[in-house]
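To start, the structure under review is shown below, and the notes come after it.
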Amino acid sequence: MSGESQTSDTVLLVRPASFGFHAEAAQSNLFAKESEGGHVAALALAEFEELRRRLEEAGVRCLVLDDEPEPARPDAVFPNNMVSFHRDGTIIWYPMATAARRLERRPEEIEALLRGSGFAIGRVVDLSAHEGEQRFLEGTGSLVLDRPNRKAYATLGPRTDPAVIAAFDEATGFSTMVFAAADRAGKPIYHTNVLVSLGSRYAILCDEAVAPADREALIGAIEDSGRTIIHVGFEQMEHFACNALELVSSDGRPLIALSELALASFTPGQRRQLEGFGELVAVAIPTIEAVGGGSVRCMIADVHLPKK
């Protein structure tokens with residue numbers, strides 16, 4: 001055990017300025033669907049503001065970076081894919097699969113926001129050069145981190161490359177367990193955080209999606225970490241049941257942030273089980289989920305940096 005907490009009381013959010021359907025990203029994200037209606041950007045902005053409000057009401061500190069209308073960054077509302085923050089003062093910038101998403105990396109502005117908010121940055125690891133070799137690793141979308149145990153979990157796919165995982169492990173001292181997973185149609189799942197979530201004492205896992213050859217080892221590794229697994233099926237995964245994030249309030253209460261769509265997919269027994277691990281903070285984000293193909297966990301970059 002590293003002594004690092006799994007949870008944080010501070011998050012980075014990006015207020016969207018040009019949210020919309022990203023056709024190139026949707027080629028590997030089968031959750032994203034082009035919208036036939038208008039006002040998508042305005043609806044997404046309202047959903048973002050509701051998430052921010054609910055998190056702050058629950059006692060989470062929200063650092064907000066405003067996106068800019070130009071150049072267009074249709075997925076900027078999902079900052080967890082470009083960056084992660086670590087207890088030893090490390091910031092990691094990740095290689096992104098599409099050109100539009102690479103524009104989301106704004107190191108100077110984000111690092112200035114963090115320093116201005118009282119956080120210490122000791123080291124910056126930039127993995128983005130892997131983009132030149134068409135190798136990608138999209139942050140805590142690709143990597144589900146078990147921070148106290150210095151372990152990570154990753155399902156390989158178009159946005160998650162083993163060579164970049166090795167570079168991440170070397171830079172951080174983490175050990176990443178790689179496994180295969182696919183959706184009902186047999187296509188690789190685009191991000192690991194769609195099928196597994198790790199809290200301090202629980203995990204939500206769609207083990208149906210995990211390749212049979214890898215399933216027993218993955219379940220065993222999660223159980224060996226002392227976590228209780230809440231098993232969900234394909235339909236629940238498709239409603240973003242696994243795309244949840246445990247946080248902690250400023251006064252130390254465990255919180256679990258997720259969407260209303262995700263929460264509604266749990267059985268009554270599963271919901272009671274989840275409530276046993278933390279206060280549920282559920283927010284309706286239907287536009288962001290349908291058009292962007294990501295849910296609440298994707299919208300949150302949890303800040304684990306030390307204070308100055």
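The values are calculated or read from the model by the stated rules, or taken from the named source; none is laboratory data. This is a predicted model, so every value here is computed, not measured. Heads up, the Cβs are rebuilt from the backbone with ideal geometry, glycines too, and the neighbour counts pull from every protein chain shown.
Computed values, structure above
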{"quantity": "Flag if Leu65 is in a strand (DSSP E or B), in contact with a strand residue (DSSP E or B) (Cβ under 7 Å, 6 or more places away or on another chain) and not basic (Lys, Arg)", "calculated": "yes"}
{"quantity": "Any hit, segment 134-152, residues being closer than 21 Å to Ile300 by Cα and free of Cβ contacts under 8 Å to residues at least 12 places away in the same chain", "calculated": "no"}
{"quantity": "Whichever residue in segment 254-305 is basic (Lys, Arg) and over 19 Å from the mean Cα position of the chain (by Cα) and, among such residues, is nearest to Asp75 (Cα to Cα)", "calculated": "Arg271"}
{"quantity": "Hits in segment 132-145 - residues which are assigned to a helix (DSSP H, G or I) and either touching a helix residue (DSSP H, G or I) at 6+ places or on another chain (Cβ under 7 Å) or at pLDDT below 95 (or both)", "calculated": "Gly139, Thr140, Gly141, Ser142"}
{"quantity": "Subset tally (residues that are under 21 Å from Glu57 (Cβ atoms) and either among the hydroxyl-bearing types (Ser, Thr, Tyr) or touching a Gly at 6+ places or on another chain (Cβ under 7 Å) (or both)) for segment 259-277", "calculated": "2"}
{"quantity": "Where a residue in segment 88-100 is outside any loop (DSSP other than H, G, I, E, B) and hydroxyl-bearing (Ser, Thr, Tyr) and its partner, wherever it lies, is surrounded by fewer than 19 Cβ atoms within 10 Å (Cβ to Cβ) and at pLDDT 95 or above, with Cβ under 9 Å and at least six apart", "calculated": "Thr90/Ile121; Thr90/Gly122; Thr90/Arg123; Thr90/Val124; Thr90/Val125; Thr90/Ala171"}
{"quantity": "Positions within segment 101-126 being within 18 Å of the chain's Cα centre (by Cα), over 19 Å from Leu45 (Cβ atoms) and assigned to a loop (DSSP other than H, G, I, E, B), in sequence order", "calculated": "Arg105"}
{"quantity": "Among residues of segment 146-173, those that are at pLDDT below 95 and part of a strand (DSSP E or B), counted", "calculated": "1"}
{"quantity": "Test: residue in segment 174-188 that is of a type outside the set (Val, Ile, Thr) and either closer than 20 Å to Thr10 by Cβ or part of a helix (DSSP H, G or I) (or both)", "calculated": "no"}
{"quantity": "Residue in segment 138-159 that is of a type in the set (A, V, I, L, M) and surrounded by fewer than 20 Cβ atoms within 10 Å (Cβ to Cβ) present", "calculated": "yes"}
{"quantity": "Test: residue in segment 233-245 that is part of a helix (DSSP H, G or I) and over 19 Å from Ala154 (Cα atoms)", "calculated": "yes"}
